[in-house]
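Trainee: Attaching a single structure in structure tokens format; questions to follow.
Computed from the coordinates by the stated procedures, all read-outs in this text should not be read as laboratory data. Quantities reported herein were computed from a predicted structural model and do not represent experimental measurements. Every residue, glycine among them, receives a Cβ derived from its backbone with ideal geometry; neighbour counts consider all protein chains shown.
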Amino acid sequence: MQHWRFGSHDLDLTDRGLIMGIVNVTPDSFSDGGRYLDTGRAVEHALALIAEGADILDIGGESTRPGAEPVEEAEELRRVLPVIRAVRSQTQTLISIDTMKAAVARAALDAGADIINDVTGLRGDAAMLRVAAASSAGIVVMHMTGTPQTMQANPHYDDVVTEVRSWFENRLQLLEKEGLPPERVVLDPGFGFGKTLEHNLTLMRELPQLSVSDRPLLVGVSRKSMIAKVLHSEAMEDRFWPTIALSAYAREHGARIVRVHDVKPNREALRMIEALLQAA
Ligand code: HH2
């Protein structure tokens, strides 16, 4: 059984996975930077993703691509809060805030967000764990070595699968000790965050080994450079179909949430794979 319980929600993900649609309110995100920096455009995009079938909107105001410039807290708030407020006033769809800053997470929850998605796994900001534990939000705990500024310098693991898995186990234990029960947490291997192509491919192939304590796994590979490296093409449009292939593979191998830019085709891939899994 795979349940994700937070706030008033009890999401049964055992047989049906979720699509997390990406809303980047940034000038510099790697695949769509600048397209939705304007509040109106971001809200329009968010509503379009809901119409395509997004179960969760992941709204972020700071790019985490390798080498991205950090964003001041006030600027990040200015980007995301109006979008969260506007989306919340128009829909009940779950909203996650993609941030590394505790103050942004707190303000986003107050504005109507339901989930904190922190790519540092609640390690980046010393206040984040307290904010997360004191809230009733769902929490995405992602694995990353270093920071977005340093992570791709020279990623090294003796055994990437074992190390990410034991990091998940330790993290869940520590969070529980700090008052954050595992049932509120989903785990994410952090594709592209302090990992080489080989590390990313190994983690994807060995996904079932990363399943810890029945916590749902979230996978974020949408349009990422691992695809460009395999296909020897830097063109962003060459990354759309391979993303769908990876979503299907991930769902077949146990992932329950996929974080994607292109909601409709990835959602269809999940439904198709789930039909196969249930027939088996
Ligand atoms: N990837 C990105 C951002 N946030 N969160 C989770 N949980 N997992 C991921 O894999 C993940 C994430 C990077 O993608 P994107 O938001 O499209 O780009 P950028 O960080 O440049 O805005």
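Trainee: For T91 and L231, what does the FRET efficiency come to when R0 = 45 Å and r is the distance between their Cβ atoms, rounded to the nearest 0.05?
Mentor: On the way: r = 36 Å, r/R0 = 0.79.
The formula returns an efficiency of 0.80 here.
Trainee: At what distance in nm do the modelled label points of R205 and E163 sit from each other, each positioned 7 Å from its Cα along Cα→Cβ?
Mentor: Reported label-point gap for R205 and E163 is 1.8 nm.
Trainee: So which GluC sites (Glu not before Pro) in the stretch 197-248 pass both tests, a DSSP loop state and at most 10 other Cβ atoms within 10 Å of the Cβ?
Mentor: Hits after loop and neighbour filter: E234.
Trainee: Now for a different question. Please give the length that would be gained between D10 and A48 if that part of the chain were fully extended, namely 0.36 nm times their separation in residues minus their C-alpha to C-alpha distance (nm, one decimal).
Mentor: Once the chain is fully extended between D10 and A48, it gains 11.2 nm.
Trainee: While we're looking at this one, here's another question. Which GluC sites (Glu not before Pro) does the stretch 56-136 hold that lie in a coil by DSSP with at most 15 other beta carbons within 10 Å? It would help to have the intermediate numbers written out before the result.
Mentor: Working: sites: E62, E72, E73, E75, E76; in loops: E62, E72.
Here the sparse-neighbourhood loop sites are E72.
Trainee: Using a simple spin-label model with points 7 Å from Cα along the Cα→Cβ vector, what separation in nm is obtained for L37 and A74?
Mentor: So the label points at L37 and A74 sit 1.8 nm apart.
Trainee: For K264, which aspartates and glutamates qualify as cross-link partners when the Cα separation must be under 15 Å and same-chain residues fewer than eight apart are set aside?
Mentor: E52, D55
Trainee: Can you work out the Karplus-derived ³J(HN,Hα) for every residue in the stretch 100-112? Use 6.51 cos²θ - 1.76 cosθ + 1.60 with θ = phi - 60°, whole Hz, and x for glycine or proline.
Mentor: 9, 10, 4, 5, 5, 4, 4, 5, 5, 5, 4, 7, x
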